[in-house]
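Below: the structure, in structure tokens.
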Amino acid sequence: MNFRKRIKSAKRIVIKVGSSMVTYKNGHINLERIDNLSRAISDMVNSGKEVVLVSSGAVSAGFGKLRLKEKPDNIRETQALSAIGQCELMHIYSKFFGEYSHIVGQILLTRDVLEDEHLKENVCNTFELLLKKGVIPIVNENDSVSIDELENIAKLGDNDNLSALVSSLINADLLIILSDIEGFYDCDPRKNKNAIMIKEIREFTEEMEKYAGKAGSDFGTGGMATKLKAAKTATSVGVDVILASGKNPCIIRNILRGEDVGSLFVANKNRGEDKYGKFNING
């Protein structure tokens, strides 16, 4: 079966972008990339798709906004940067999406929301109403009050994992993770020019865990290991996952045409669903 073909029929899609996709290494906003991302997503919505954007970059944007010379090494200052940077990010997203006649809404999540059934029902209702009205929800972990992502511990942990949980929460058809790397490789292609991209993954093995390693980025909390974990979470509840380079957000169009770009993690379509999706928050 050509699993790429069913990507073309995906109706409800979650797109995750990392810090390196929306900010430069100095923390300043990458305006051209956010503009291209906003245009690509707006065109998806115009075509009838429902899209949720999970965006990292708040801490990095705060870093750049204050023109700091080095990243703080304590939680209190990092949370303050997140509070500043989240405002900056949402302002810019709102501006660019507005240029393409679309409205965005901010949803900040913490672990307790996803653990409490009543709170989870409320946030699911919010997602459904926003999507019904054609609004594009932009999601991040609430770093200014939660230390889960900032300490990079196994709770919500990082926005790769968060995007998988959101995909399950809203019963998405497809999760697209846009990274600074073209797909899932058997080793780090930045260090080994002979690295081989694995184009299609149907099962998760110990060998794949070794491939993922522990690589991360300067400003983000994640690496290939977190993306593999997110793909495992999402596919287990019936969500196909594409990992691809986000350097040119127009790649989203190629993905939705079913073209052979990035790495496809094939979903288990025999999932059992409850009313609000089914997932294990602890991965």
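Hey, does the range 231-243 have a residue that's under 23 Å from G18 (Cβ atoms), among the aliphatic types (A, V, I, L, M), in a loop (DSSP other than H, G, I, E, B) and modelled with pLDDT of 85 or more?
The answer is yes, given that some residue of the range 231-243 is under 23 Å from G18 (Cβ atoms), among the aliphatic types (A, V, I, L, M), in a loop (DSSP other than H, G, I, E, B) and modelled with pLDDT of 85 or more.
Of A10, A40, which residue is part of a loop (DSSP other than H, G, I, E, B) and among the aliphatic types (A, V, I, L, M)? Working first, answer last.
On the way: A40 fails: part of a loop (DSSP other than H, G, I, E, B).
From the options A10, A40, the qualifying one is A10.
Given the conditions (1) at pLDDT below 90; (2) under 18 Å from I242 (Cα atoms), which single one is not true for M44?
Against the list (1) at pLDDT below 90; (2) under 18 Å from I242 (Cα atoms), M44 comes up short only on (1).
Looking only at the range 12-36, which residues are farther than 21 Å from N161 by Cα and of a type outside the set (G, A, S)?
Once the filter is applied, which keeps residues that are farther than 21 Å from N161 by Cα and of a type outside the set (G, A, S), the range 12-36 yields Y24, K25, N26, H28, I29, N30, L31, E32, R33, I34, D35, N36.
From the list G48, G64, G57, exactly one residue is within 20 Å of the chain's Cα centre (by Cα) and of a type outside the set (D, E, K, R). Which is it? Before you say what the answer is, go through the steps one by one.
On the way: G48 fails: within 20 Å of the chain's Cα centre (by Cα); G64 fails: within 20 Å of the chain's Cα centre (by Cα).
Exactly one residue qualifies, and that residue is G57.
Given L165, L156, which one is part of a loop (DSSP other than H, G, I, E, B), at pLDDT below 95, surrounded by 18 or more Cβ atoms within 10 Å (Cβ to Cβ) and not hydroxyl-bearing (S, T, Y)? Don't jump to the end; show me each part of the working.
On the way: L165 fails: part of a loop (DSSP other than H, G, I, E, B).
One residue alone meets the criteria, L156.
Go through the residues of the range 144-152 one by one and say whether even a single one is surrounded by 17 or more Cβ atoms within 10 Å (Cβ to Cβ) and either at pLDDT 80 or above or of a type in the set (F, W, Y) (or both).
No: the range 144-152 contains no residue that is surrounded by 17 or more Cβ atoms within 10 Å (Cβ to Cβ) and either at pLDDT 80 or above or of a type in the set (F, W, Y) (or both).
How about the range 189-222: which of its residues are surrounded by 13 or more Cβ atoms within 10 Å (Cβ to Cβ), modelled with pLDDT of 80 or more, of a type outside the set (V, I, T) and assigned to a loop (DSSP other than H, G, I, E, B)?
Passing the criteria: P189, A195, K199, F204.
The values are calculated or read from the model by the stated rules, or taken from the named source; none is laboratory data. Quick caveat: nothing in here was measured; it's all calculated off a predicted structure. Here the Cβ is made from the backbone with ideal geometry for all residues, glycine too, and neighbour counts use every protein chain on show.
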